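**Student:** The structure is given below, and queries will be raised subsequently.
The values are calculated or read from the model by the stated rules, or taken from the named source; none is laboratory data. Since we're looking at a predicted model, the values are computed, not measured. Quick reminder, even Gly has a Cβ in these numbers, built from the backbone with ideal geometry, and neighbours come from all protein chains shown. These accessible areas exclude ligands, DNA and RNA; they are computed on the full protein's heavy atoms, side chains included. Shrake-Rupley method; radii C 1.70, N 1.55, O 1.52, S 1.80 Å.
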Amino acid sequence: MLAARRASDRLASVEPEKEMRLAPTELAGVAAAALLIISLFLPWFSLTDTPQRAQQKAWICGVHEFSCSAWATFPINRWVFLAAAAAPIILTYFILTSQRGQYPTGEFTMTVGLAVIVLAGFNSFIAKPGGTGQFGVSLSYGLFLALLAGIVMAGAGALRSLESGGGAARKPPATF
């Protein structure tokens, strides 16, 4: 009888676990990560079908290929984009398991989203495949989906950062 009472006292003294629910910002971040991964396999660049292309052998996507995906075009950046897609998923894991990183929740996702925008924009608008001498290279819908994913990821991270109390605590200079 005494053992049963001690067991019930221990059960009563244990705090009930907090129910961890995902906010719409986390769901938007995970959806943006999925969109970024999908966009890597969609066409980012399109080539015009002209007789000069075949004569000059000006194929940047492969022989007789008129569209290029980011996966086929960027051998190193494809892995960077995949790592960027992991950021909202890691944030969601931290929220579900009640773990806290050293970075305030959401700031890392926001920073990664901005990096996706810069990386995709640079590789598409400034340093297009084929260089400046290449003719008939236009941007396709996969690139714009990746940019949209970066914008949503950055926005979701910023909103999550605001929900969790903003940036890290700051101290005035020269205080110890």
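**Student:** Say each of Leu22 and Val118 gets a label point 7 Å from the Cα, pointing the same way as Cα to Cβ; how far apart are those two points in nm?
**Tutor:** For Leu22 paired with Val118, the spin-label model returns 2.8 nm.
**Student:** Testing the spin-label approximation: label points 7 Å from Cα along Cα→Cβ at Thr97 and Thr48. State their distance in nm.
**Tutor:** Distance between the two pseudo-spin positions: 5.3 nm.
**Student:** Okay, next question. Can you pull the accessible area of Arg78 for me, 1.4 Å probe, Å² to the nearest 10?
**Tutor:** Its accessible surface works out to 50 Å², give or take rounding.
**Student:** With every protein chain left in place and a probe of 1.4 Å, what is the accessible surface of Phe144, to the nearest 10 Å²?
**Tutor:** 100
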